[in-house]
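What follows is calculated from the coordinates using simple rules that are stated; it is not laboratory data. The structure displayed is predicted, hence computed values, not measured ones. Methodologically, a virtual Cβ is constructed for each residue, glycine included, from the backbone with ideal geometry; neighbour enumeration extends over all protein chains shown.
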Amino acid sequence: MRYLLWLLFLGWTGGVFWGYYIRAQDYALGEKIIGFSVLTAVVIYLPLFLYHRWKGKSLSDYTLTKENLEKMQQRKDSMRKR
């Protein structure tokens, strides 16, 4: 998965740079290439990247629940005592 993400990232950045290069000769084609590259990054790369980074993690560890707020308050109080 890591190598696939790396390959997609390189392809996406290459597409954007290629689009800017082509845009100097043919403005409409360059804009289409840039737009397709950004669309591909958002629709394909971003969900794969987020899935890869969040795999095996609990969302409840990163949300503000009553229990997490109490833990934060306890840590804050213990830091003041030092």
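Data overview
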item: Hits among aspartates and glutamates - C-alpha to C-alpha of K71 under 17 Å, sequence gap 8 or more where chains match; result: D61
item: Mean Kyte hydropathy of -0.5 or more with a Cα span along the axis of at least 15 Å, helices from DSSP in the chain; result: 2-25, 27-40
item: Straight-distance crosslink candidates among lysines, where the alpha carbon sits under 28 Å from K32 and sequence neighbours closer than 8 are dropped; result: none
item: Correct option for P(r) over Cα pairs in 5 Å bins from 0, in percent [calculated from the coordinates] among (1) 3, 13, 14, 12, 10, 9, 8, 8, 8, 7, 5, 3, 1, 0; (2) 2, 14, 23, 21, 13, 8, 7, 5, 3, 2, 0; (3) 3, 16, 28, 25, 18, 8, 2, 0; result: (1)
item: For the chain, with +1 on Lys and Arg beta carbons and -1 on Asp and Glu, the positive-most of G56, N68, A24 along the dipole; result: N68
item: Estimated inter-spin distance, L50 and L5, nm [label 7 Å along Cα→Cβ]; result: 1.4
item: Reachable lysines from K76, criterion Cα separation under 24 angstrom, eight or more residues apart if same chain; result: K66
